[in-house]
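Q: The following block contains the structure, expressed as structure tokens.
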Amino acid sequence: MSTMTTTQTTTQVTAPAPAEPATSGVLALPPHIARATATAGGALTVISAFLAWTWTSAFPGDLTLYGYPGGLQWLVLVSGALLALFGLSSYGIKGLTWLTPQGA
């Protein structure tokens, strides 16, 4: 008769260390900095609609206009205002929480 010997080995598996929270996107910014940058960008976009613009300098009489958005500038003005309002709402400012009812 022959005897058969079986050897069993066990290895202890350890869980990997938790990874740092991944940031995604083109610029890897922390969420609080990205939120502040987006809110400030919305406010600057609204302001930019009221800056001076000139139709043409070739026409006699200088047609420079101040504080009068026209055409597509109205779309930019409204988009910037919405972006700024949503950004302020994400900070929990009273009166704007209806924009983000689930919270920030």
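Q: Collect the residues in segment 86-104 that are surrounded by fewer than 16 Cβ atoms within 10 Å (Cβ to Cβ) and either in contact with a helix residue (DSSP H, G or I) (Cβ under 7 Å, 6 or more places away or on another chain) or outside any loop (DSSP other than H, G, I, E, B) (or both), keeping them in residue-number order. Don't jump to the end; show me each part of the working.
A: Our first condition is that a residue be surrounded by fewer than 16 Cβ atoms within 10 Å (Cβ to Cβ); within segment 86-104, this holds for 91-104.
If the condition is that a residue be surrounded by fewer than 16 Cβ atoms within 10 Å (Cβ to Cβ) and either in contact with a helix residue (DSSP H, G or I) (Cβ under 7 Å, 6 or more places away or on another chain) or outside any loop (DSSP other than H, G, I, E, B) (or both), then LEU96, THR97, LEU99, THR100, ALA104 are the ones that fit.
Q: Search segment 63-78 for residues that are over 10 Å from ALA49 (Cα atoms) and pair each with any residue that is modelled with pLDDT of 75 or more when their beta-carbon atoms are under 6 Å apart and the residues are at least 6 apart or on different chains.
A: none
Q: Which condition breaks for PRO16 when tested against (1) modelled with pLDDT of 85 or more; (2) farther than 23 Å from LEU88 by Cα?
A: (1)
Q: To continue, here is another question. Quick check: is even one residue across segment 67-84 on the phi < 0 side of the Ramachandran plot, surrounded by 11 or more Cβ atoms within 10 Å (Cβ to Cβ) and modelled with pLDDT under 70? Let's see the steps before the verdict.
A: Filtering segment 67-84 for residues on the phi < 0 side of the Ramachandran plot gives 68-70, 72-84.
Still in the running and surrounded by 11 or more Cβ atoms within 10 Å (Cβ to Cβ): 69, 73-84.
Of the ones still in play, those that are also modelled with pLDDT under 70 are none.
The answer is no; no qualifying residue exists.
Q: I'd like the full set of residues that are open to solvent by 50 Å² or more (accessible area, probe 1.4 Å) and at pLDDT 95 or above, limited to segment 41-54.
A: Within segment 41-54, LEU44 is the sole residue that qualifies.
The values are calculated or read from the model by the stated rules, or taken from the named source; none is laboratory data. Here the structure is a predicted model, which is why all the values come from computation and not from measurement. Note that we place each Cβ from the backbone using ideal geometry, even for glycine, and neighbour counts take in every protein chain shown. The area values use the complete protein model at the heavy-atom level, side chains included, leaving out ligands, DNA and RNA. Shrake-Rupley method; radii C 1.70, N 1.55, O 1.52, S 1.80 Å.
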